[in-house]
């Protein structure tokens, strides 16, 4: 068996290492292929499971390129790439500014056509108290076309205060 070795000068190794560090976020942000669900309720169930599982590829597999996300205080995120950047921040541990560790559970659902309206709660041993909110999920062709949410991570009451990066 022959082993191939590569000998590079130290400056080249440093440049290569820097390239890997700089490119890592781009690789992590590669969008997964779309995965259509068989019904609007399945789209929402998949979204809630992916969010609770802190699974970025699974979350992003349901959003088409022209998705729009409406949050509290006039926040609007348009497009799959921008939404991917937003969710990449969400699916981190609280110590890094994310909300991993929360489990989102539907408490009441009201269906209007392809729109699924959900009152939900987020529970976690990391929280002092349950956080409640509501979303309207507009589905189309087995994907999440738009979402309107009351979700505001700044309102979560953590048992252990998150780091400054979370604020």
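The values are calculated or read from the model by the stated rules, or taken from the named source; none is laboratory data. Worth saying up front: this structure is predicted, and the values here are computed from it rather than measured. Using ideal geometry, Cβ is built from the backbone for each residue, glycine included, and neighbour counts are taken over all protein chains shown.
Observations, loosely collected:
- Single residue of region 67-85 satisfying the filter (touching a strand residue (DSSP E or B) at 6+ places or on another chain (Cβ under 6 Å) and within 18 Å of residue 150 (Cβ to Cβ)) that is surrounded by the fewest Cβ atoms within 10 Å (Cβ to Cβ): 76
- Residue 53 being within 13 Å of the chain's Cα centre (by Cα) and crowded, with 16+ Cβ neighbours inside 10 Å: no
- Residues in region 113-125 that are surrounded by fewer than 17 Cβ atoms within 10 Å (Cβ to Cβ) and either under 18 Å from residue 37 (Cβ atoms) or touching a strand residue (DSSP E or B) at 6+ places or on another chain (Cβ under 9 Å) (or both): 113, 114, 117, 119, 121, 123.
Each row is one residue, and each column tells you yes or no for (1) within 15 Å of residue 138 (Cβ to Cβ); (2) at pLDDT 95 or above.
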site	(1), (2)
16	no, no
22	no, no
56	no, yes
60	no, yes
70	yes, yes
79	no, yes
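- Restricting region 135-161 to residues that are assigned to a strand (DSSP E or B) and within 17 Å of residue 99 (Cβ to Cβ), the residue that is modelled with the lowest pLDDT: 158
- Hey, residue 142 buried (at least 16 other Cβ atoms within 10 Å of the Cβ) and without any contact (Cβ under 8 Å) to a residue 40 or more places away in the chain or not: no
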